[in-house]
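The values are calculated or read from the model by the stated rules, or taken from the named source; none is laboratory data. On a predicted model such as this, the values are computed, not experimentally measured, just so you know. Reconstructed Cβ throughout: ideal geometry from the backbone, glycine too, with neighbour counts over all protein chains shown.
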Amino acid sequence: MFKTFNTKEDKILNHSGRSLVGETLQIEGDVKSSGSVDVAGLINGNVFVNEMIITETGSIRGTLEVKKVEINGHVDGKITADSVIVGKNAVIKGDVFFKGTLKTEEGADIDGYIKRINNGKSNLDEEIDIEEIAQGPEMQKRIRKPKVVQVPQQKEAV
């Protein structure tokens with residue numbers, strides 16, 4: 001009649017790593033996940049996840065830090081990601097910082113700065129040369145010029 005708690009039952013867990021914030025769900029506070037989150041509802045808080053899809057009905061009010069994000073809904077806050085895809089129905093009010101790729105569809109509404117952030121690479125040679133040239137003649141004197149070596153001319157055999 002009564003279930004005993006001493007018996008072990010195998011529980012089937014969802015190992016897909018995807019979570020859903022449904023259309024009727026509103027979350028107040030920060031969201032953290034090592035998996036993926038699909039947002040069709042509203043999150044009022046900062047979001048720190050691995051991968052995220054924001055549907056057309058989804059909305060986030062807060063900072064968004066992810067590896068990969070696809071935005072089709074609304075985001076009101078700063079976005080930092082490796083890869084960003086902005087759909088045609090997306091509305092973003094905030095700055096977008098990305099390391100790898102940024103794709104936007106025609107019709108997307110972005111009110112903020114878009115900037116590629118340093119992904120750990122040092123200054124390129126071209127950037128250094130431009131900086132040296134821009135600093136003027138004082139820097140030009142310090143730049144080492146290559147030595148010109150005379151090559152003896154050989155006579156042609158007849």
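Within segment 16-53, track down each residue that is farther than 18 Å from residue 82 by Cβ, of a type in the set (A, V, I, L, M) and part of a strand (DSSP E or B). The answer is 20, 21, 27, 31, 39, 42, 43. Scanning segment 41-61 for residues that are of a type in the set (Ser, Thr, Tyr) and either within 10 Å of residue 26 (Cβ to Cβ) or touching a residue at least 60 places away in the same chain (Cβ under 8 Å) (or both) gives a single hit, 59. Any residue at all in segment 77-100 that is over 17 Å from residue 115 (Cα atoms), of a type in the set (Asp, Glu) and in contact (Cβ under 8 Å) with a residue 12 or more places away in the chain? No; the residues of segment 77-100 include none that is over 17 Å from residue 115 (Cα atoms), of a type in the set (Asp, Glu) and in contact (Cβ under 8 Å) with a residue 12 or more places away in the chain. Kindly indicate whether residue 75 is on the phi < 0 side of the Ramachandran plot, surrounded by 19 or more Cβ atoms within 10 Å (Cβ to Cβ), modelled with pLDDT under 95 and not polar (S, T, N, Q). It is false that residue 75 is on the phi < 0 side of the Ramachandran plot, surrounded by 19 or more Cβ atoms within 10 Å (Cβ to Cβ), modelled with pLDDT under 95 and not polar (S, T, N, Q). Could we say that residue 70 is over 16 Å from residue 97 (Cα atoms), modelled with pLDDT of 95 or more and out of contact with any Lys or Arg (no Cβ under 7 Å at 6 or more places or on another chain) here? In short, no. Can you find, within segment 79-106, the residue that is nearest to residue 57 (Cα to Cα) among those that are buried (at least 17 other Cβ atoms within 10 Å of the Cβ), over 8 Å from the mean Cα position of the chain (by Cα) and not β-branched (Val, Ile, Thr)? So, considering only residues that are buried (at least 17 other Cβ atoms within 10 Å of the Cβ), over 8 Å from the mean Cα position of the chain (by Cα) and not β-branched (Val, Ile, Thr), the one nearest to residue 57 (Cα to Cα) is 90. Looking across segment 90-114, the residues that are aliphatic (A, V, I, L, M) and not in a loop (DSSP other than H, G, I, E, B) come down to 91, 92, 96, 102, 110, 114.
Determine, yes or no, whether residue 114 is surrounded by 14 or more Cβ atoms within 10 Å (Cβ to Cβ), over 25 Å from residue 17 (Cβ atoms) and at pLDDT 95 or above. Taking the combined requirement at face value, the residue does not satisfy it.
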